[in-house]
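Read-outs throughout are calculated quantities, based only on the coordinates presented, and are distinct from any laboratory measurement. From a predicted model like this one, the values you see are computed outputs, not experimental measurements. Every residue, glycine as well, gets a Cβ built from its backbone with ideal geometry; the counts of neighbours run over all protein chains shown.
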Amino acid sequence: MEGNIPQINFLIEKRIFNTITEDEQLVFLNEDPSGKRKPLKRVIQFSDVLQVHVLQQIMSSKGEKSSSGSSSTSSDHLPPSSAIIIDYVRKVGITAPKKIVTLIPNTADNFLWEPAKVVMKCPSDFYPLCVKIAEKINTYITEKETQRPKSLLVIINPVSGQKKGQSVFANQVQPLFTLAGIKTEVIVSKSETHAKEILESYDISSIDGVVSVGGDGMYTQVINALVHRTAKDRGLDLNDIEVDLGQLPLRIGIIPSGIFLSASVAFAIVKYVSGTGQGCIRMLTGRFDPVTAAMHIILGTETEVNLVSVHSGSQLVFYGSMLACFGFFGETIKESESRRKLGRLRYPVCMLKSLMKFNKHEIEVQVRSCSQPDSWETLSGSYVCANIWLWDMYAINMRDADPVERYLNMMRSWQEGSLILELVHSSSGRMDFMKHFKDTMTFSETLHSCAKIMECSGFRLRMLANAGRDIPESERVLNIDGDPFMLPDASYEIRLKRRMLKMFGSGVDENLRYRVSEAFVTFSYHTEFTEELWHCSAVKK
């Protein structure tokens, strides 16, 4: 079949496209009727096709007589014809790479992946060629697109995103999974521990991945459920801080639910640090969009990311994927749990309350070297907060940097980088602290002197008692990925687990900015339909 499909003129949305079938793509050329401009080119990669099928005959009205008495055929009145119908993913990279101040570009159609359909009509005489084209695409998908999932377990958080998780999945995502031929088992979570209970006994050999519908909280619950299941299957003790689980056996996908509220960068990060389900999905797909996320899952795009284990009092607390914050942001998230009736407003309200208190903590920290795992550096003093980030927010503090490069660099650090420790000294006042926070979130070229930034592969923190006072339980709180955890002990330790998790998402794509697929009618020449063009078939390749 290779190389024996001739070029064919297809009618697509009332325009003529000369179509070339290559090894891994269909190329559509739209000629300028005047001949003054170059042909416009459209491409559909086989790797972006969801499904393809052929209709043998489409009956239309017969041609009508023109006013001059001669017979003419318009694109609205075709003779019997065949058609190839292709459902595919239309991808957009960066449509407007402006020098914007934002964590990850999410303006216009940046990083948008959406379903598209093209109906390619031709004379019924060419039906055998249509079958060959469809067979070629299907063979490619079967033999080379083996990473695509065939069966998925879907766990929905019914209260996430203003309680829209179930409707978002049913109306926007499930139809796409069905179109792609993916079998799904959908379970609505009933409690915070439900994901763990589900995966504890689920036959994971029957599925190709787990999809979390909700925010970052639901996603981290699924991760930890899979961690516990993996440890059980491999006979490993999770309370042992030195334990190595290896890579988790299933890929995890995220379908965000709810509404993305654009605001100032600082406020967006407050919401992020407080856990509103926007962080990971934007790192994986570039935007907060359930359809784009579903397309990444359907095509089986994947990236390996780092995790951290958090231990306290000789036992596992949690596995995190984004951040672990002690002090200011730990207090903020704990306070927000008691003010849920305020909705999203609880985050800035609670942050303002924490700022007014501006608690200072006497701590001793030990930082594990990246290059020498047995080497630990010890620091002690009074600090407002001690934050661990799983991606490097500080190496890209360039106000004029290309937003695409900022995104790619941050994504690389999530896959390959070390932990980033941020210590803010208590000698700073409230204004200095807020200035540092603002400079960090707006990618300022300089950082405030109140902060100490270090790279590490492990981290220990011990809370020190003041004047013989014991550390109260209320102060032993840690913000892990936006959820508060009460620590069993006045100390904890964090270890980096490199590339432990495979996730559905493109991650770092060096060609991201170039992957743009325009709609067919957009910017195409309007070619008058004629019988000659309709029955024309060019020379074989």
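Take the cross-link list Lys164/Lys502; Lys14/Lys117; Lys41/Lys144; Lys334/Lys357 and give me the ones stretching past 19 Å between alpha-carbons.
In this structure, Lys164/Lys502; Lys41/Lys144 exceed 19 Å between Cα atoms.
Using per-residue counts of other Cβ atoms within 10 Å, averaged over each peptide, order 146-156, 176-186 from highest down.
Peptide ranking by packing, descending: 146-156, 176-186.
Treating only the Cα positions of segment 140-199 as identical point scatterers, give the base-10 log of I(q)/I(0) from the Debye formula at each q in 0.12, 0.18 Å⁻¹.
Here the Debye-derived log intensity ratios amount to -0.38, -0.73.
Hey, can you rank 339-346, 132-139, 328-335 by average C-beta count inside 10 Å, highest first?
Going from most to least packed, we get 328-335, 132-139, 339-346.
Whole-Hz Karplus ³J(HN,Hα) for segment 149-155, in order, using 6.51 cos²θ - 1.76 cosθ + 1.60 and θ = phi - 60°, x for Gly and Pro?
Values, residue by residue: x, 10, 8, 9, 9, 10, 10 Hz.
Determine the shape class of segment 294-351: with a ≥ b ≥ c the square roots of the Cα gyration tensor eigenvalues, call it rounded for a/c under 1.5, and otherwise prolate if a/b is greater than b/c, oblate otherwise.
oblate
What does the highest-first list of 7-16, 212-221 look like by mean Cβ count within 10 Å?
Final packing ranking: 212-221, 7-16.
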